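*Asks:* Pasting in a structure now, in structure tokens, and then I'll have a few things to ask.
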Amino acid sequence: MPRSRPAAVVAAALSVLLLAGCGIRIPTDPQGTLDRVEGGVLHAGISPNGDFVRIDGDLPSGSEVDALTDFAASMDAEVDWTVGSEEALVRGLENGDLDVVAGGVTDETPWTERAGMTRPYGEVTLDDGSTAKLVMLVPLGENAFVSRLETFLTDEAATEGVGG
């Protein structure tokens, strides 16, 4: 006999509580990105792109550089910057060398089969006058890390206007 809907909901809720009681974090990071970054180092790949990322001397600047610096600080982490092309930086995500990639990346990025992306946190006007939504790229499957980053970017965009 099939389970009633309320019984299935109760069973699912109990499963979540049991997992939480076992110390399992939901969402999870198979590669442990969030745990490694907290109190450690955020490995950030950046690709120069207008006001989002500028490379003028030793330290990068721009709205997304500021956002990632603040994100790292919120986790008591330092930032290790890697500058490169999007392709090279996506390889860094795939290899586990990078935790996040920024540089005015939009939700129309061609890299979605090789990298995850955050929810959109801002908009940008493109050269043709159309608009696109801004995202950052992250390693595939690192859901706890991306959830923390998305929450930060959403809050930062609402208060500071990052990404637009």
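The values are calculated or read from the model by the stated rules, or taken from the named source; none is laboratory data. Owing to the predicted nature of the structure, the values given are computational and were not obtained by experimental measurement. Backbone-built Cβ (ideal geometry, glycine too); neighbour counts: all protein chains shown. Side chains included, ligands, DNA and RNA excluded: accessible areas come from the protein's heavy atoms. Shrake-Rupley method; radii C 1.70, N 1.55, O 1.52, S 1.80 Å.
*Asks:* ARG54: charged (D, E, K, R) and modelled with pLDDT of 75 or more, yes or no?
*Replies:* Taking the combined requirement at face value, the residue satisfies it.
*Asks:* I would also like to ask the following. Being open to solvent by 20 Å² or more (accessible area, probe 1.4 Å), aliphatic (A, V, I, L, M) and under 18 Å from SER63 (Cβ atoms) narrows it down to one residue among ALA102, ALA157; which is it?
*Replies:* It is ALA157.
*Asks:* Sort out which residues of the range 48-65 are assigned to a loop (DSSP other than H, G, I, E, B) and surrounded by fewer than 16 Cβ atoms within 10 Å (Cβ to Cβ), and write them in order of number.
*Replies:* GLY50, ASP51, ASP56, GLY57, ASP58, LEU59
*Asks:* For the range 23-48, which positions are within 18 Å of MET136 (Cα to Cα) and at pLDDT 95 or above?
*Replies:* If the condition is that a residue be within 18 Å of MET136 (Cα to Cα) and at pLDDT 95 or above, then VAL37, VAL41, LEU42, HIS43, ALA44, GLY45, ILE46, SER47, PRO48 are the ones that fit.
*Asks:* Further question: Go over the candidates GLU94, GLU123 one by one and state the one that is outside any loop (DSSP other than H, G, I, E, B) and in contact with a Gly (Cβ under 7 Å, 6 or more places away or on another chain).
*Replies:* GLU123
*Asks:* For GLU78, work out the one condition from (1) within 16 Å of GLN31 (Cβ to Cβ); (2) modelled with pLDDT of 95 or more it doesn't fulfil.
*Replies:* Failed condition: (1).
*Asks:* With the checklist (1) under 22 Å from ILE55 (Cβ atoms); (2) open to solvent by 60 Å² or more (accessible area, probe 1.4 Å); (3) aliphatic (A, V, I, L, M) in hand, flag the one item LEU134 doesn't pass.
*Replies:* The failed condition is (2).
*Asks:* Of the residues that sit in the range 71-99 and are more than 20 Å from GLU123 (Cβ to Cβ) and touching a residue at least 60 places away in the same chain (Cβ under 8 Å), which one is surrounded by the most Cβ atoms within 10 Å (Cβ to Cβ)?
*Replies:* My answer is ASP99.
Per-residue answers, yes or no, for (1) modelled with pLDDT of 95 or more; (2) over 10 Å from the mean Cα position of the chain (by Cα); (3) not acidic (Asp, Glu):
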{"site": "GLU113", "(1), (2), (3)": "no, yes, no"}
{"site": "THR118", "(1), (2), (3)": "yes, no, yes"}
{"site": "THR125", "(1), (2), (3)": "no, yes, yes"}
{"site": "SER130", "(1), (2), (3)": "no, yes, yes"}
{"site": "VAL138", "(1), (2), (3)": "yes, no, yes"}
{"site": "LEU149", "(1), (2), (3)": "yes, no, yes"}
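*Asks:* Looking at LEU42, LEU68, can you tell me which residue is in a helix (DSSP H, G or I), of a type outside the set (Phe, Trp, Tyr) and out of contact with any His (no Cβ under 6 Å at 6 or more places or on another chain)?
*Replies:* Step by step, each of LEU42, LEU68 is checked, and only LEU68 is in a helix (DSSP H, G or I), of a type outside the set (Phe, Trp, Tyr) and out of contact with any His (no Cβ under 6 Å at 6 or more places or on another chain).
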